[in-house]
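As structure tokens, the structure follows; a few thoughts come after it.
The values are calculated or read from the model by the stated rules, or taken from the named source; none is laboratory data. Model, not experiment: these values are computed from the prediction. No Cβ is skipped: glycine too gets one built from the backbone with ideal geometry, and neighbour counts run over all protein chains shown.
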Amino acid sequence: MRVYVPLTLPGLARLHRTGQAGPAPLTAYAVTPALREWYREGNQEELEYAALSRAAEASLRLLAADPDAPRRRVVLAADVPDRTAVADPARALSAEALGEVRLSEPVAVAAAASVHVDAADAEAAVAAASAAVADADKGDEDARFTVDGAADHELLWYAVQEIDRLV
């Protein structure tokens, strides 16, 4: 199963140093049955982009918790055994948890398919979004507008071999 693990640049550096993202359990995003149901008309590529986008927003929450991290969203795309990624049935149908899975094992760098990171020109929008994400989660429409502004910046794609250049 392809999963999208939200990180920060310091988290990516830890992955590079230790060889894994973890410890488990980890929150990640994937094309779950609930996400498929939500985006009924989406093809597989669109569904994977939706899961990636959910992980990018989760990266904002990690940035909000780490004021020293550079203001760039980071998402690790990895292929993990299906048995290690489980959606919480109690939360699966809630809009805020669409695509969310809990990983029961750390994600080895060997399982990584790619890394997605904001460009430097997104830092101001990502900084504002990470400051606003908690209020957006509580229903503040102005904060949601700010968070959505970060989504206007497409994450750049990097091969796993390029992680050392990113950190």
Condition first: under 11 Å from Ala28 (Cβ atoms) and assigned to a loop (DSSP other than H, G, I, E, B). Now tell me which residues in the stretch 40-81 satisfy that.
Val80
Can you tell me which condition Glu37 does not meet? The list is (1) within 24 Å of Asp118 (Cβ to Cβ); (2) part of a helix (DSSP H, G or I); (3) over 17 Å from the mean Cα position of the chain (by Cα), and all the others hold.
(1)
Looking only at residues that are part of a helix (DSSP H, G or I) and under 23 Å from Val133 (Cβ atoms) in the stretch 1-34, which one is modelled with the lowest pLDDT?
Ala34
Restricting attention to the stretch 20-36, does a residue exist that is without any contact (Cβ under 8 Å) to a residue 40 or more places away in the chain and either crowded, with 17+ Cβ neighbours inside 10 Å or of a type in the set (Ser, Thr, Tyr) (or both)?
no
What are the pairs, 6+ residues apart or on separate chains, where a residue within the stretch 114-130 that is free of Cβ contacts under 8 Å to residues at least 60 places away in the same chain has its Cβ under 6 Å from a residue that is assigned to a strand (DSSP E or B) and surrounded by 16 or more Cβ atoms within 10 Å (Cβ to Cβ)?
Ser114/Ala77
Among Asp164, Asp152, which is the only one that is exposed (fewer than 15 other Cβ atoms within 10 Å of the Cβ), of a type outside the set (Ser, Thr, Tyr), farther than 20 Å from Arg54 by Cβ and modelled with pLDDT under 95?
Asp164
Go through the stretch 132-161 and give me each residue that's closer than 19 Å to Glu96 by Cβ and aliphatic (A, V, I, L, M).
Ala132, Val133, Ala134, Ala136, Ala143, Val147, Ala150, Ala151
Looking across the stretch 82-117 at residues that are part of a helix (DSSP H, G or I), surrounded by 17 or more Cβ atoms within 10 Å (Cβ to Cβ) and of a type outside the set (Val, Ile, Thr), the single one that is modelled with the lowest pLDDT is Ala97
Can you tell which of Ala131, Ala136 is modelled with pLDDT under 95, over 16 Å from the mean Cα position of the chain (by Cα) and either closer than 20 Å to Asp66 by Cα or crowded, with 19+ Cβ neighbours inside 10 Å (or both)?
Ala136
Just to be sure before I move on: is Ala77 surrounded by fewer than 20 Cβ atoms within 10 Å (Cβ to Cβ), modelled with pLDDT of 95 or more and closer than 15 Å to Leu52 by Cβ in the structure I sent?
no
